[in-house]
Structure formats: structure tokens, C-alpha cells
Amino acid sequence: MAENARSRIWLWVLIGGASFFLFVLAVFTLVFVALHVGGRETHIHAFGDKIGVVDLEGVILDPGEMVDQLRKFADDDSIKAIIVHVNSPGGGVAASEEIYRQVKRVREEKHKYIVASIETVGASGAYYVSSATNKIYADSGSVVGSIGVIAEWVNYGDLMRWAKLKPEVLKVGTFKDTGDPTRELTAAERQYLQGLIDNMYEQFVHAVAEGRHAKVNDIKPIADGRVWTGQQALGLHLIDEVGDFRTAVLETAKSVKISGEPVLVHPERERKSLLDLLLGDVSPWLPTKAKMLDQEMGFYYLWK
């Protein structure tokens with residue numbers, strides 16, 4: 001009897017182990033399929049006239065990938081136009097500026113038609129980028145605008161004092177530790193930071209005025225951080241047309257004289273094998289302080 005009981009226990013252990021292995025395998029298989037099948041493949045070698053589509057998604061922190069994508073499409077003669085598909089609340093000032101500059105190069109130096117199609121959100125830094133395009137589309141319920149600059153962080157000085165922790169700072173330069181989260185800003189530091197933010201704001205307003213063929217004095221009254229629906233933004237001349245992504249595709253095709261259905265080309269995304277997922281570096285899927293804007297001192301064209 002004891003021998004039979006042990007046999008049954010081992011049988012259940014084997015069944016449980018096999019079930020767990022199959023479950024893990026199924027999970028990684030689903031991830032693998034999502035990365036390879038669910039992802040949009042590039043059609044750069046397809047026949048017919050092509051329109052490049054670049055996604056501007058999430059918080060803008062690292063402009064490198066998008067700038068490279070725009071540059072490749074701009075240099076490719078088979079790409080007749082580019083659509084920037086926007087769904088972003090904005091992000092870092094410098095990162096947004098870098099993408100904005102590349103969009104301007106596409107338009108002014110490469111003379112390639114480029115438009116923005118705002119999906120759910122095209123605010124702050126994302127609108128900054130959109131303003132450099134030839135034409136902006138947005139759904140009637142899209143969130144558009146938020147022209148402004150923000151810098152924020154948490155002052156945890158009281159918490160440190162409660163814990164009897166005392167920060168020690170060695171510095172050369174009065175303003176070197178401006179923004180230290182363990183103490184209050186001095187009046188001079190606050191004035192200094194406000195001056196930086198004011199300058200960034202002026203850059204933003206001038207960029208929008210230039211891109212929208214408007215006067216700075218016409219943009220400033222609505223450049224107070226507010227967002228607008230796509231329908232409202234049309235009346236304020238912040239966008240050119242209320243329309244979805246499909247509308248942007250069809251009208252862009254007409255603008256560059258593409259007859260028939262255009263081929264949409266998406267940048268090729270890095271492929272990950274099942275072995276990569278099992279044994280490779282998983283850091284791209286893990287949250288980081290930079291990705292989470294973890295209360296660090298910084299300046300942002302960001303709608304919250």
C-alpha cells in the first residue's frame with residue numbers, strides 16, 4: 001500500500017511539473033507570436049506607391065529611434081510621403097525638439113510631404129512635433145494642445161529630517177545644486193528656473209506659430225497649458241482637418257498623386273526569438289526611472 005501511495009504521489013508530481021512546463025511554454029509562445037505576427041511588418045519591398053508611417057507613442061524620452069526612422073523614410077525615393085501617427089502626451093523638452101527638427105528637415109530640406117494624424121492624444125511635446133508637419137489631422141474627440149512647459153519634483157526634506165538623515169553637498173557654483181529635493185528652493189533659484197522655463201515656452205510658441213503660419217500674438221492666448229478637443233482645435237487653427245487615420249492616408253495619397261490604394265510602410269521592428277525571451281536581456285520590458293519620470297529634476301513639454 002505504501003508503495004502504491006508513493007507511486008501516486010510521484011505521478012501527480014510529474015503531471016503537475018509537466019503542466020507547469022506547458023503553461024510557461026504557452027505564455028512565451030504567445031509573446032513570441034505577438035512580437036512576430038501582431039507587430040506591423042515593413043513592406044518596403046512591396047510594389048506600388050508607398051507612404052511611410054512612423055508612430056509617435058507614449059511619453060517622449062529618447063528621440064533616437066524615431067529620428068532614425070524619419071531619416072530613412074526621407075532618404076527613400078520609393079516613399080512618397082510620411083504620416084506621423086501620434087498618440088502621445090509629450091515628454092522631454094530636448095527630446096521633443098530633436099524630433100521636431102527632424103520633421104522640419106523632412107519637410108524643408110528633403111521636400112517630402114509629411115503630415116500628422118493625432119489619434120487619442122497629441123499634446124504638449126507631441127503637438128510641438130506635429131506643428132512642424134505640412135498638415136495636422138485629429139479625430140473630433142482627440143486631445144490636442146497643452147502648449148506649455150512643466151518642471152516638478154518631490155521635496156522629501158521633511159521625511160529625511162524625521163528619519164534623522166542629513167544630506168551633505170559639496171559644490172562650486174551658487175546654482176549647482178538647484179532643485180535639490182532635500183531642501184526648499186531659494187528665491188534666486190526659483191527665479192533662475194523660471195527664466196529657463198520661460199525661454200523654453202517662448203521657443204514652443206514660436207515653433208507653433210511658424211508651423212501654423214500664424215502670428216505669435218495669435219498663439220499666445222491659447223498657449224496656457226490647456227488642451228482642446230479635435231473639434232475645438234480646428235476652430236482655433238491648431239489642426240487643419242477633423243479626420244481619422246484612414247482619412248489622413250487617403251488624402252495624403254491624393255496630395256502626392258498616388259492613384260489607387262497606397263502601400264503603408266511601417267519601420268521594421270527588431271525581432272525577438274523564443275530563445276531570446278527565455279535567456280536574453282529582459283531589461284527593455286522592465287520599468288526604469290527614466291521611463292517612469294521618477295520625480296527627477298527635468299523640463300518637459302508634457303500634458304498630465
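You will find that of 293, 286, 275, the residue that is at pLDDT below 95 and within 30 Å of residue 190 (Cβ to Cβ) is 293 and no other. From the list 164, 135, 112, 220, the lone residue that is more than 27 Å from residue 89 (Cα to Cα) and charged (D, E, K, R) is 164.
Which ones in the range 208-228 are charged (D, E, K, R) and farther than 18 Å from residue 96 by Cα? 215, 218, 220, 224, 226, listed by residue number.
A single member of 238, 196 is aliphatic (A, V, I, L, M), surrounded by fewer than 18 Cβ atoms within 10 Å (Cβ to Cβ) and touching a residue at least 40 places away in the same chain (Cβ under 8 Å), and it is 196. Would you confirm whether or not the range 72-95 contains a residue that is modelled with pLDDT of 95 or more, in contact with a helix residue (DSSP H, G or I) (Cβ under 8 Å, 6 or more places away or on another chain), surrounded by fewer than 18 Cβ atoms within 10 Å (Cβ to Cβ) and charged (D, E, K, R)? No: zero hits. Evaluating residue 34 against the criteria (1) modelled with pLDDT under 65; (2) more than 24 Å from the chain's Cα centre (by Cα) leaves one unmet condition, (2).
Yes/no matrix, rows are residues, columns are (1) assigned by TED's automatic domain parsing to the domain that holds residue 241; (2) over 29 Å from the mean Cα position of the chain (by Cα); (3) modelled with pLDDT under 90; (4) exposed (fewer than 11 other Cβ atoms within 10 Å of the Cβ):
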| residue | (1), (2), (3), (4) |
| --- | --- |
| 136 | yes, no, no, no |
| 139 | yes, no, no, no |
| 159 | no, yes, yes, no |
| 164 | no, yes, yes, yes |
| 174 | no, yes, no, no |
| 180 | no, no, yes, no |
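Apart from one condition, residue 111 fits all of (1) crowded, with 24+ Cβ neighbours inside 10 Å; (2) at positive phi; the exception is (1).
The values are calculated or read from the model by the stated rules, or taken from the named source; none is laboratory data. Worth saying up front: this structure is predicted, and the values here are computed from it rather than measured. Reconstructed Cβ throughout: ideal geometry from the backbone, glycine too, with neighbour counts over all protein chains shown.
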